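The values are calculated or read from the model by the stated rules, or taken from the named source; none is laboratory data. Since we're looking at a predicted model, the values are computed, not measured. In this analysis, Cβ positions are derived from the backbone assuming ideal geometry, glycine residues included, and neighbour counts consider all displayed protein chains. Protein only, heavy atoms only, side chains kept; ligands, DNA and RNA dropped before computing areas. Shrake-Rupley method; radii C 1.70, N 1.55, O 1.52, S 1.80 Å.
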Amino acid sequence: MTIIVTGGAGFIGSNFIFHMIERYPEYRIICLDKLTYAGNLSTLAPVMDNPQFRFVKADICDREVVYKIFGEEHPDIVVNFAAESHVDRSIENPGVFLETNIMGTATMMDACRKYGITRYHQVSTDEVYGDLPLDRPDLFFTEETPIHTSSPYSSSKAAADLLVLAYHRTYGLPVSISRCSNNYGPYHFPEKLIPLMIANALNDKPLPVYGEGINVRDWLYVEDHCKAIDLVIHKGRVGEVYNIGGHNEMRNIDIVKMICDALGKPYSLITYVTDRKGHDMRYAIDPTKIHNELGWLPETKFADGIKKTIQWYLYNCEWWETVISGEYQTTMRKCTGIDNRTIDI
Ligand code: NAD
Ligand code: DAU
């Protein structure tokens, strides 16, 4: 079995590669990643010398290169994590989100059509459903909830989802889509809420909370997301959408206070700042379908997951300090020259 994993040098993609290499020692895993600001080759250092693994630096929008890799590897399965993923950046500069998240998805699926695969899996997000009101805790996103996006990021992800379903209906491409809630865990880029707050708190810097901090997110430990995708690509039905989430809703301000408490930092670091434009109020996933059909359930409780995550950031200061300083971009270029399984096309 050969699997192409795009965006594998990012947060969830790297965790997925670690999971797959450990779980399926007989599989060949090809990571295709452009190494944007969010991709960090040092994250993949533990698998770089593994004969099961190949890293290719490539843009999913670059048709010629993508086809070349498919021609060489003839993958059975493609899991598309590659995306511009940060809502705030999409508000500042939507263009690259449309390019990577929509055109990149189309290019990957065109390659799948040309070379033939058994499964194309699109890693999507609960943000395609828009948001829920704070005063209706009885409401959840199901797979039937209409698409109703708020940001350029979520709109680009929704457009990609629609394209994926269109490629299934029009060309018969064997696709699946998963829509997950907010992830947290190791290798999370320190521009997102949890890793940013941990890094800033450790540096005694202000903790910027948007608006009143009462927006709610539904947090899932990244390993649980990876296990869910593993199930969907192997056992999920073709043409189907699966929601992934663990019923773990938290207000932003409560998470920030929890991080302060865990690190022994004062709440005086918390700084309320101007709200995000179009800020979604609440996300909440109903994961009944993936539970009933595939038996998936989250394994990590938030109290344990956040402890593990904070510990990881404490023990891996070098990783996030290098990421914050931007120094890793230089280090990465050095790495690409050194490792012979790393092909810079
Ligand atoms: P990330 O920003 O940490 O990583 C994205 C990766 O994609 C990086 O390695 C980057 O270099 C790569 N990439 C970006 N543009 C590329 C391109 N044109 N060609 C090839 N590679 C490119 O993102 P993440 O948080 O790991 O999210 C991964 C996927 O999961 C995304 O599709 C995102 O929409 C989805 N998702 C994320 C969350 C979450 O909470 N983080 C939740 C649900 C779904
Ligand atoms: O729900 C899944 C989505 O979760 C993914 O599709 C996205 O790729 C991922 O980035 C994430 O989006 P969010 O916008 O929910 O995550 P973020 O960490 O950026 O913000 C979480 C909440 O915290 C949100 O309500 C905004 C708030 N926030 C965020 C930052 C970065 C702050 O209050 N202060 C901050 O500095």
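Couple of notes before you dig in:
- The Cβ shell under 10 Å around I214 holds other residues with a net charge of 0, Lys and Arg each +1, Asp and Glu each -1.
- Dividing the mean sequence gap of close Cα pairs (under 8 Å, 6+ apart) by how many residues the stretch 169-232 holds gives a relative contact order of 47 percent.
- Whole-Hz ³J(HN,Hα) from phi, Karplus 6.51 cos²θ - 1.76 cosθ + 1.60, for the stretch 111-116, glycine and proline x: 5, 4, 5, 5, 9, x
- Near A82, the amide H atoms lying under 5 Å from its own belong to T6, G7; only residues 5 or more places off or on other chains count, and H is placed 1.01 Å from N.
- Once all protein chains are placed together, S85 keeps about 50 Å² accessible to a 1.4 angstrom probe.
- 3J(HN,Hα) from dihedral phi, the stretch 63-76, Karplus parametrisation 6.51/-1.76/1.60, rounded to Hz, x for glycine, proline: 4, 4, 5, 4, 5, 4, 5, 4, x, 6, 9, 6, x, 7
- Per atom type, the chain shows carbon and sulfur on 52% of its accessible surface, probed at 1.4 Å.
- Once both labels are positioned 7 Å from their Cα atoms along Cα-to-Cβ, the gap between R276 and T142 label points is 2.7 nm.
- For the chain, built as a Gaussian network whose Cα springs stay under 10 Å, the top-fluctuating residue of C317, C61, C112: C317
- With both labels modelled 7 Å from their Cα along Cα-to-Cβ, the E293 to R28 distance reads 3.0 nm.
- Here the stretch 219-319 is treated with +1 on each Lys and Arg Cβ and -1 on each Asp and Glu Cβ, and its dipole about the Cα centre works out to around 180 debye.
- Residues whose placed amide H lies under 5 Å from that of T125, excluding near-sequence neighbours: C180
- Using a cutoff of 8 angstrom between alpha carbon atoms and counting only pairs six or more residues apart, the relative contact order for the stretch 188-296 works out to 41 percent.
- Here the peptides 296-309, 277-290 are ranked by packing, the mean other Cβ count within 10 Å, and the order with the highest first is 277-290, 296-309.
- Largest first, the extents of the alpha carbon coordinates of the chain on the three principal axes equal 56, 47, 37 Å.
- Taking the Cα centre of the stretch 1-156 as reference, the dipole from Cβ charges on Lys and Arg (+1) and Asp and Glu (-1) amounts to some 580 debye.
- For L134, solvent-accessible area (1.4 Å; no DNA, RNA or ligand), Å²: 70
- Normalised by the number of residues in the chain, the average gap of Cα pairs under 8 Å and 6 or more apart makes the relative contact order 20 percent.
- A 1.4 Å probe run over the protein chains yields, for the stretch 153-307, 39 Å² of accessible area per residue, whole-number rounding.
- About the Cα centre, charge dipole magnitude for the chain (Lys/Arg +1, Asp/Glu -1 at Cβ), debye: 360
- Computed with a 1.4 Å probe on the full set of protein chains, the accessible area for F81 sits at about 30 Å².
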